[in-house]
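Beneath this line is the structure, given in structure tokens, with notes to follow.
The values are calculated or read from the model by the stated rules, or taken from the named source; none is laboratory data. Keep in mind that this is a model prediction, so the values were computed, not measured. Positions of Cβ are backbone-derived with ideal geometry, glycine not excepted, and every protein chain shown enters the neighbour counts.
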Amino acid sequence: MNKYKISVIGASGYAGAELVRILLGHPNATLAALSSVSYTGQSIADLYPAYRNICEQLLVSEEEAIEKGDVIFASLPHGLSQEIALACDKAGKLFIDLGADFRLDDGETYTAWYGKEFVYPELHAKQVYGLSEIYREDVKNTKIIGNPGCYPTSVALAAYPAIKNGLVKGTDFIIDSKSGVTGAGKSLTQKTHYPECNEAFSPYNIGKHRHTPEIEQTLSRFAGKKVNVTFVPHLLPVNRGIISTIYADKTDGLTLEKIHEIYTETYKNERFVRVLPLGDVANLRNVRMSNYCDISVHEDSHTGKLILVSAIDNMFKGAAGQAVQNMNIALGLDEAAGIDFVPPAI
């Protein structure tokens, strides 16, 4: 059995720590190096005691992590991955970025929303957007993968069959999403401080969340024309999970039964996408700690709206799990290797 040496840069963050958890059980992976600028020299088990006696590697420099790994994951804030990608490209290593640097196609859009620039345009010309179920063939033929954001993953998988099959009319979508607090990252802010988010529920970054252009880019690809979205995220007082509800005008003459049939057919061979029976509603508790995306389809017969609901674990399918799924695809491994986790029933 082939074993690949894996390095995780940004292992001290939530998504990085989730990558460590997954890779420790991956049959084709060996953790070669873990890196963190803030905690260099400390053990990962000191930061996350759950790993005590399981993984106690010391956190090393980025340079050492790149040197030691065949596959390099970066789980860093935007603007910090391009130099790593350059080093990996020169060394012929597979690079998977869990940050935002390789998600957008257009440099001007990236600058407008993130305040940074495409430093190496030639690298961005090689990048592939790693929405595993949709761009599987592209992922097989690249060394630079931009792992999708958590909200965009939940939206894209739910909307894809509707847009590709003409089940909705128009190019405007309203998207209402709710995420657990881990989606905000490890750094403490006023909004994620326990007294502020516990027993609370509110929207944030209304109409200006940085995942908006990524969502529009992906849905526009599906449609073959410009799609506009009104995207409003909310902060749930839970650790992990995302629920996204998408509203669009249903194409005239289509029954909900027919739409459900098309959804079921679209994803019938996808290991990690579950189209729920009509009448069931996607619930984040049923996908926690797993790589599954649950989708339910509904309609408002009064307004003619198609209502799509998706549930994912933001740390797993929305980050680390999908990143490992992309690694498996790129390396020609079993796509489910290391990520075939059963969600806890209670």
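Below, the figures for the structure above:
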{"item": "Any chance Leu23 is within 22 Å of the chain's Cα centre (by Cα), outside any strand (DSSP E or B) and within 12 Å of Val8 (Cα to Cα)", "result": "yes"}
{"item": "Single condition Leu278 does not satisfy, out of (1) touching a helix residue (DSSP H, G or I) at 6+ places or on another chain (Cβ under 7 Å); (2) outside any strand (DSSP E or B); (3) in contact (Cβ under 8 Å) with a residue 40 or more places away in the chain", "result": "(3)"}
{"item": "Condition check for Leu104: within 18 Å of Ile66 (Cα to Cα) and either at pLDDT 95 or above or out of contact with any Cys (no Cβ under 6 Å at 6 or more places or on another chain) (or both)", "result": "no"}
{"item": "Residue identified as surrounded by fewer than 21 Cβ atoms within 10 Å (Cβ to Cβ), over 26 Å from Asn141 (Cβ atoms) and not assigned by TED's automatic domain parsing to the domain that holds Glu216 among Glu56, Glu62", "result": "Glu56"}
{"item": "Matching option when the condition is at pLDDT 95 or above, assigned to a strand (DSSP E or B), under 25 Å from Pro237 (Cα atoms) and hydroxyl-bearing (Ser, Thr, Tyr), among Ser310, Ser290", "result": "Ser310"}
{"item": "Options Ser43, Ser81, Ser38: the member that is over 19 Å from Gly130 (Cβ atoms) and in contact with a strand residue (DSSP E or B) (Cβ under 8 Å, 6 or more places away or on another chain)", "result": "Ser43"}
{"item": "Top-ranked residue in segment 222-236 [being outside any loop (DSSP other than H, G, I, E, B) and crowded, with 19+ Cβ neighbours inside 10 Å; ranked as modelled with the lowest pLDDT]", "result": "Leu235"}
{"item": "Residues of segment 242-291 that turn out to be at positive phi and surrounded by fewer than 14 Cβ atoms within 10 Å (Cβ to Cβ), as a count", "result": "2"}
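A quick yes/no check of all residues on (1) buried (at least 21 other Cβ atoms within 10 Å of the Cβ); (2) in a loop (DSSP other than H, G, I, E, B); (3) in contact with a Phe, Trp or Tyr (Cβ under 6 Å, 6 or more places away or on another chain):
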| position | (1), (2), (3) |
| --- | --- |
| Leu104 | yes, yes, yes |
| Glu137 | no, no, no |
| Ile163 | yes, no, yes |
| Thr171 | no, no, no |
| Ile174 | no, no, yes |
| Thr182 | yes, no, yes |
